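Input: a single structure, listed below in structure tokens.
Each reported figure results from applying straightforward, stated rules to the coordinates on display, with no laboratory input. This structure is a prediction, so every number in the text was calculated from the model and none was measured. Glycine also receives a Cβ, built like all others from the backbone with ideal geometry; neighbour counts cover every protein chain displayed.
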């Protein structure tokens, strides 16, 4: 059990990355942008994506931290599965530059009292952001440790007041093929869709992230807002969300549509249930280098103590 | 003539040289998951050179170009070099050389069984091509050719099967291999003596 609840173990992200590297660059670039030659704007857009240095006002949540070493900002921002920008791990970093996460609005529909179109700031109180250091386990058997910045999804849901018919929450990624080159190809059935049960969505571990390492999310990580469900395989944590829908029946999910025998609705991290084409018993921790050995994968990605009770009586082999 | 063959052979090692430079941090390095990068890179170049080896046969059949005639064996060996690297990186780096773990991993993972079978086919051809086996190699052309075709089909299958979503490259290799196998079958039924 590596989920530590002692504040002495909390590593602040500012201890890890020197901030000076990113300082002042944005204002300089903005000035260049106002010169408004096509070239300058283009350079500004590209640089803005690579180093979006907007600092967020964050308080670390001591309850959700870890003694494990955190992955570097570089690892987290250059090695991504975000097929909207392409299938290679480096594609989101290389081809995410055209995407414009601001301004952003989210359409809320379905079984809730407070539906409609919300600005990002209306949904997420920028002054209530917390830092949580979570493990992320990809279905491809690699993992990272990431200092997210966000708020519990439960806080947003309470604001939206779902009614008693709302047994599930469905999410959708924005569909912008002009800005997302991967969406111009039939890699998946676009737009990307995901979903949770209302209990999972309301669980205190479930986070809506708007930043990492104390800074706003970059495009490749799902700017401006994404889901983080640390006890489930990474593909559940849908990125760049612009639609939330409360519904009674179980939502469809993109990977389940693409390969129903390989990717289930629950998709809980489970070392005992292998993916049909590879083992899930062990994982490679990114950043462990050439000769780092694989480590055993933990049930519910090490969050069993917190979430196992959500699944009592459910056959997790059948409901993979 | 010889100089052209040599240039082609040297060029075929460029991806390997580039990979080594990347391993030492040049040209952007290998990224956050260097083990995966090396395994994927050597694997994909193994497939490319295998498919190229088999493409040379019909190419010679229609062009009768002397350079093309001499290329299949060296290019096949280049493919073997990449595939051997691919397998050794998987076994020694990814699985830390733990034989028990490797055996279980291969048995439990369908695309690894296919890849392993393809590797064994290619390994047999690679060993047979050494000087001491030269006579046997030359006298058993059809066996050798059958093994190379098997290795290529299994290799492409292995590549195709491990992908989460099918890539353009997997589709291209699959189509090429289908055409090459069909062409080969047609040729061998046309001229049973060859």
Could you tell me which numbered condition residue B:67 fails, if it satisfies all but one of (1) in contact (Cβ under 8 Å) with a residue 40 or more places away in the chain; (2) more than 14 Å from chain A (Cβ to nearest Cβ); (3) over 22 Å from residue B:55 (Cβ atoms)? (3)
For a quick check of your reading: which strands (runs of 3 or more DSSP E) sit entirely within region A:178-294 and have at least 3 residues that are away from chain B (no Cβ under 13 Å) and under 20 Å from the mean Cα position of the chain (by Cα)? A:193-197, A:207-212, A:226-228, A:241-247
Criterion (away from chain B (no Cβ under 12 Å) and assigned to a helix (DSSP H, G or I)) met by exactly one of A:316, A:310: A:310
Quick check: anything in region A:262-272 surrounded by fewer than 24 Cβ atoms within 10 Å (Cβ to Cβ), without any contact (Cβ under 8 Å) to a residue 40 or more places away in the chain and closer than 18 Å to residue A:308 by Cβ? yes
Find the residue count for region A:119-139, including only residues that are surrounded by fewer than 20 Cβ atoms within 10 Å (Cβ to Cβ) and under 30 Å from residue B:162 (Cα atoms). 1
Please state which one of B:93, B:107, B:4 is touching a helix residue (DSSP H, G or I) at 6+ places or on another chain (Cβ under 8 Å), surrounded by 14 or more Cβ atoms within 10 Å (Cβ to Cβ) and part of a helix (DSSP H, G or I). B:93
May I ask you to list the residues in region B:15-28 that are within 10 Å of another protein chain (Cβ to nearest Cβ) and surrounded by 14 or more Cβ atoms within 10 Å (Cβ to Cβ)? B:23
Select, from A:146, A:133, A:157, the only residue that is in contact with a strand residue (DSSP E or B) (Cβ under 9 Å, 6 or more places away or on another chain), touching a residue at least 24 places away in the same chain (Cβ under 8 Å) and assigned to a helix (DSSP H, G or I). A:157
Could you check region B:119-194 for helices (runs of 4 or more DSSP H) lying wholly inside it with 1 or more residues that are within 14 Å of another protein chain (Cβ to nearest Cβ) and surrounded by 13 or more Cβ atoms within 10 Å (Cβ to Cβ)? B:141-161, B:168-190
Restricting to region A:295-307, and then to whatever is in a helix (DSSP H, G or I) and at negative phi, can you tell me which residue is nearest to the other protein chains (Cβ to nearest Cβ)? A:299
Those residues of region B:2-35 which are closer than 30 Å to residue A:146 by Cβ and touching a residue at least 24 places away in the same chain (Cβ under 8 Å) amount to B:35
Could you list, in sequence order, the residues of region A:51-79 that are within 14 Å of chain B (Cβ to nearest Cβ), assigned to a loop (DSSP other than H, G, I, E, B) and closer than 21 Å to residue A:102 by Cα? none
